[in-house]
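The values are calculated or read from the model by the stated rules, or taken from the named source; none is laboratory data. Quick caveat, the model's predicted, so the values are computed rather than measured. Backbone-built Cβ (ideal geometry, glycine too); neighbour counts: all protein chains shown.
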């Protein structure tokens, strides 16, 4: 048998791995639960190994399934990019993007390398600010697409949402966890990270002192590297020069947060749809969806709403 992996089966696997539910997967792709099950059996036959492992009422991916999933992400992404370019022709224009500075540092290199190579005639005008200011700027039509921390305030068109844990972060050399008051390096007032850090410390009655505060990520990072203080940011955005601190008695547990993609597909250009689709693919590969995906809004690589 010719072992060719059909894209439609891989697309179903991607949805199933995210929803962990045959019925919810069927709802998303417009097929019955039994049809989803049949697709997975067919995929397992092609692969030649079991890809799903059942445990009571729940299931997960086998080690072979995890391998197939990683390739499925790449194959589906390439398929979508190819179809999108052929269907929409050469995309042009400038897209105004707003993104928090830590996510820009962690995700933009991967995103820009791929997107710019596929759409060389599209220019990106990127601004890094606090999430609060980015969402306000989108409402004033200063941005086309914004990635920002979501605080449950319905002030902008939210299309995709991911849940992300926070991590205490410090110098790789200096251990400041037991210091009291606890020295902190934080972004300015209005930063969602700052709000969560201070709330957690107050709940535990841990004294603290803000020793350095700046909207400049590089400045904050330098202050932490020098041992001036600790901070807390998204687990996925901890820079390699800093150290994510393990759970300990000296530091309180921090609440998770939601990061959302905000943009309005109505009247959006093909370039905007292509960029939104690329951002979704990158974030799906790094973060965990909350399950609150907004249907018929987020763009796929074909340029059509889903």
Of the criteria (1) touching a strand residue (DSSP E or B) at 6+ places or on another chain (Cβ under 6 Å); (2) part of a loop (DSSP other than H, G, I, E, B), which one residue 197 fails: (2)
When residues of the range 87-111 are limited to those that are in a helix (DSSP H, G or I) and surrounded by fewer than 16 Cβ atoms within 10 Å (Cβ to Cβ), the one modelled with the lowest pLDDT: 87
When residues of the range 8-57 are limited to those that are in contact (Cβ under 8 Å) with a residue 24 or more places away in the chain and in a loop (DSSP other than H, G, I, E, B), the one surrounded by the most Cβ atoms within 10 Å (Cβ to Cβ): 51
Per-region count, the range 134-157, residues more than 16 Å from the chain's Cα centre (by Cα) and buried (at least 18 other Cβ atoms within 10 Å of the Cβ): 8
Verdict on residue 182 being surrounded by 15 or more Cβ atoms within 10 Å (Cβ to Cβ), in the same structural domain as residue 240 (by TED's automatic domain parsing) and touching a strand residue (DSSP E or B) at 6+ places or on another chain (Cβ under 9 Å): yes
Residues of the range 188-199 classified as surrounded by 21 or more Cβ atoms within 10 Å (Cβ to Cβ) and either over 11 Å from residue 131 (Cα atoms) or without any contact (Cβ under 8 Å) to a residue 40 or more places away in the chain (or both), total: 1
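Quick one: which residue in 202, 180 is under 24 Å from residue 151 (Cβ atoms) and at pLDDT 95 or above?
Of the residues listed, the single one that is under 24 Å from residue 151 (Cβ atoms) and at pLDDT 95 or above is 202.
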